[in-house]
Amino acid sequence: MKYSDDIISIKGIGDKTAKLFYRMGIYTVKDLLEFYPRDYQTFENPIPISKARDGDVVTLELVIPSAFKWKRVRNLSIGTGAGSDGTDLVSITYFNAPYLKRQLTAGSTYLFRGKIKKQNGKYRMDQPKLFTWKEYEEKLGILEPCYPLTSGLKNSTVLKAVQQAFDGYEEEDYLPEYLRKAYNLLPLYKAKWKIHFPKDWEELVEARRRLVFDEFFLFLIGIRCMKEQNEELQSDYPMIETAEPERLIEKLPYRLTEAQMRVWREIKRDMVSGKCMNRLVQGDVGSGKTILAFLSLLLTVTNGYQGALMAPTEILATQHFEQICEMTQKYQLSFKPILLTGSIGTAAKQELYREIESGEANVIIGTHALIQEKVIYQKLGLVITDEQHRFGVRQRETLSGKGGRAHVLVMSATPIPRTLAIILFGDLHLSVVDELPADRLPIKNCVVGISYRKKAYEFITSQVQKGRQVYVICPMVEAGEEGTEGLENVVDYGEKLKSTLPPEIHVEILHGKMKPADKKRIMDAFASGDIHVLVSTTVIEVGINVPNATVMMVENAERFGLAQLHQLRGRIGRGKEQSYCIFVSGSDNEASMKRLKILNQSNDGFYIAEEDLKLRGPGDLFGIRQSGVMEFRIADIYQDAELLKKVSMSVDEMLEKDRDLTGEEHAKLKRYLTENTGNFVDFRSI
């Protein structure tokens, strides 16, 4: 079986199942084999209720003493009952699971697996998985991979497909043998097999280490080659200082901070130097990076060129467009902005393409649509990408390449420690906006357990009654994925809040599996104040600006990386009112609470990132959901920071000795890079 074969060629996958895989972005055998598990679960022998610790996922053998009671609250079906192990009782609740009515009968015995919660000497389980002994015995003692899923796609289906894909599959190992020996790395084929089917945790760690090494290695080669190509590159769009940006600074209703002014001077110096600017502006959430982007665009258009701003989501692109239109009108700026996104109709797009090619539009704001083949720019002098880690290196190059030797400005609110930023963004000069505007009220934070929920709901109600709005964040979209027992999900939580909060409070849900039009409708309604409480996944992490939202409640906060929690928290505290963030931990684990309390102590993203770096250990394999910085499939720059530093040194040493990769020991690597440019620079020029 070849890497490039369509997954429909895999035994057992028909048209219907293939479409589900396509929905997950899995089109080829390569995509499937690199669709790594997001977690693993082990199945141990059932234990007595009395041996279960609060917050643990356990398996209990229980008899049901009396029939479950079922009721409907609005659109929510709720089943309540109890199970006994002969000594103790545990209360059990199911949401939206009416199909269990026939199974959960008085006198029946089952194995219940889920997170157990202990309070005031009483035990309870919400939404536990149900097994017969025969089903459970098949799972005992194994390490079972759990994959991200979509509605209709089962974990067992993915598992079988991966097994079939490996049948008869071979792969050449491109990594030089001297590096494999130096770092004691598994062969690539073995690493991929063992990441999907590890015998034990030791094998899993070994497999993951090889795959993390490769992700960093290939990424950093691309970065190093780009840096050499971009260094001292003369710009095709020479600029001079113009008066309009400075006039705008004077007219603004607020004073730019010293940090903003320092970074603006660095950007301006690059743009008028005659050489291509390649600069990363890193700034904490709310530090005022957007105005720096607008000033850079203003300098560009007053020199007679076009500027493009590419955002990772339509919501963020639309917000940038609306802001720049408002400023253009208010301050009579020379911007002629347009918005170009994937959801715009064909006829409207054709007109926008014409305006871009003719130069009639001088500021083009949009999403990935900006880099489509049909988009032809007249004089693209400046390319800005917002939230750099959401775009592959190659995507950024594609956009800047559309303008010849254009200036490149990258904006990021992801708080990456400086030591790692220098490695990861090695092709860019670094500026840091390390000061927040003086009028921002610090967010008040608290870290609590699930017993605090009742008080939290009362607080949310009081805030809504004062005219404020609220975000509630859950780690899952819907229940049902393997290994997610005890985790809150958006779909069920939304229904629960609708039945718990007063009926006049309008609750809605938002998640990444929704259609773009539905997501936009929900966000527009929230922005206009029609929705009071928005239950969402981390889809709101980037680019949602609703100043009236003053409360955020994060469920299962222990499942997120600190950097991502800080990023999420940045969605509040954007207005004049005091804002509050409630981190609810589903576990009272000492290490988890210690991590979360860092967020209690500080609102400084860079301090939090550094502390996260110190606390993350080799055991934190999959338990923490990080924000996907750089969109690595399996690597995590926080957890794998030490390996990242070592790989960086190895890449530098390799390229110093053999810049063109002409040595025999690098032949396989060069062939791989030439054939698989992917998200990396075009290695055909090496």
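The values are calculated or read from the model by the stated rules, or taken from the named source; none is laboratory data. None of the values given here were measured: they were computed from a predicted structure. No Cβ is skipped: glycine too gets one built from the backbone with ideal geometry, and neighbour counts run over all protein chains shown. For the accessible areas, the whole protein counts, side chains as well, though only heavy atoms, and no ligand, DNA or RNA atoms are used. Shrake-Rupley method; radii C 1.70, N 1.55, O 1.52, S 1.80 Å.
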Considering residues of segment 65-83 that are surrounded by 15 or more Cβ atoms within 10 Å (Cβ to Cβ) and not β-branched (V, I, T) only, the residue farthest from F112 (Cα to Cα): L76
Of all residues in segment 646-686 being modelled with pLDDT under 90 and among the small types (G, A, S), the one that is least open to solvent (accessible area, probe 1.4 Å): G678
Whichever residue in segment 233-286 is modelled with pLDDT under 95 and β-branched (V, I, T) and, among such residues, is surrounded by the fewest Cβ atoms within 10 Å (Cβ to Cβ): T257
Close pairs (6 angstrom Cβ cut-off, 6 or more residues apart or separate chains): at pLDDT 95 or above in segment 318-342, exposed (fewer than 14 other Cβ atoms within 10 Å of the Cβ) and not in a loop (DSSP other than H, G, I, E, B) anywhere: Y331/K251
G573, sole failed condition from (1) farther than 30 Å from A207 by Cβ; (2) at pLDDT below 85: (2)
Failed item in (1) touching a residue at least 12 places away in the same chain (Cβ under 8 Å); (2) closer than 30 Å to I324 by Cβ; (3) of a type outside the set (A, V, I, L, M, F, W, C); (4) not in a helix (DSSP H, G or I), with P253 passing the rest: (1)
Complete set of residues in segment 82-101 that are touching a strand residue (DSSP E or B) at 6+ places or on another chain (Cβ under 8 Å), outside any strand (DSSP E or B) and either among the aliphatic types (A, V, I, L, M) or under 27 Å from I47 (Cβ atoms) (or both): D85, G86, D88, A97, L100
Among residues of segment 17-48, those that are of a type outside the set (D, E, K, R), more than 24 Å from K160 (Cβ to Cβ) and either at pLDDT below 90 or touching a Phe, Trp or Tyr at 6+ places or on another chain (Cβ under 6 Å) (or both), counted: 0
Residue match in segment 168-179 (condition: without any contact (Cβ under 8 Å) to a residue 60 or more places away in the chain, open to solvent by 10 Å² or more (accessible area, probe 1.4 Å) and not in a loop (DSSP other than H, G, I, E, B)): no
The one condition in (1) open to solvent by less than 30 Å² (accessible area, probe 1.4 Å); (2) part of a strand (DSSP E or B) that L339 fails to fulfil: (1)
Residue in segment 180-193 that is farthest from L32 (Cα to Cα), counting only those that are open to solvent by 40 Å² or more (accessible area, probe 1.4 Å), of a type outside the set (G, A, S) and outside any loop (DSSP other than H, G, I, E, B): K181
Answer from T300, T328 - the residue that is assigned to a helix (DSSP H, G or I), among the hydroxyl-bearing types (S, T, Y) and in contact with a Gly (Cβ under 6 Å, 6 or more places away or on another chain): T300
Where G79 falls short, out of the listed (1) closer than 26 Å to S499 by Cα; (2) assigned to a loop (DSSP other than H, G, I, E, B): (2)
Test: S66 is over 18 Å from L130 (Cα atoms), outside any strand (DSSP E or B), more than 32 Å from the chain's Cα centre (by Cα) and not basic (K, R): no
Lone unmet requirement of (1) out of contact with any strand residue (DSSP E or B) (no Cβ under 9 Å at 6 or more places or on another chain); (2) within 28 Å of V448 (Cβ to Cβ) for F35: (2)
Tabulated pairs, segment 598-610, first under 21 Å from V448 (Cα atoms) and in a loop (DSSP other than H, G, I, E, B), second open to solvent by 20 Å² or more (accessible area, probe 1.4 Å) and at pLDDT 85 or above, C-beta under 6 angstrom, 6+ apart or interchain: N603/P442; N603/I443
Scope segment 1-43; condition in contact with a Leu (Cβ under 9 Å, 6 or more places away or on another chain), part of a helix (DSSP H, G or I) and of a type outside the set (S, T, N, Q); matching residues: I7, L20, F21, R23
Among (1) at pLDDT below 90; (2) of a type outside the set (V, I, T); (3) closer than 23 Å to N75 by Cβ; (4) touching a strand residue (DSSP E or B) at 6+ places or on another chain (Cβ under 7 Å) - the single one L104 does not satisfy: (1)
Verdict on S592 being closer than 30 Å to K444 by Cβ, buried (at least 16 other Cβ atoms within 10 Å of the Cβ) and at pLDDT 75 or above: yes
Residues that are open to solvent by less than 50 Å² (accessible area, probe 1.4 Å) and either over 14 Å from Y471 (Cβ atoms) or without any contact (Cβ under 8 Å) to a residue 40 or more places away in the chain (or both), drawn from segment 509-528: I509, L510, H511, G512, M514, K519, I522, A525
Segment 520-538: number of residues that are over 20 Å from E488 (Cβ atoms) and either among the charged types (D, E, K, R) or in a strand (DSSP E or B) (or both): 4
Top-ranked residue of segment 539-572 - restricted to ones that are touching a strand residue (DSSP E or B) at 6+ places or on another chain (Cβ under 8 Å) and assigned to a loop (DSSP other than H, G, I, E, B), ranked as farthest from V470 (Cα to Cα): G561
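Yes/no per residue for (1) in contact with a Phe, Trp or Tyr (Cβ under 6 Å, 6 or more places away or on another chain); (2) surrounded by 13 or more Cβ atoms within 10 Å (Cβ to Cβ); (3) closer than 24 Å to E137 by Cα:
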residue	(1), (2), (3)
D15	no, no, no
S50	no, no, yes
V63	no, yes, yes
F95	no, yes, no
Y123	no, yes, no
Tally of residues being in a helix (DSSP H, G or I), more than 30 Å from P547 (Cβ to Cβ) and in contact with a strand residue (DSSP E or B) (Cβ under 9 Å, 6 or more places away or on another chain) across segment 261-292: 2
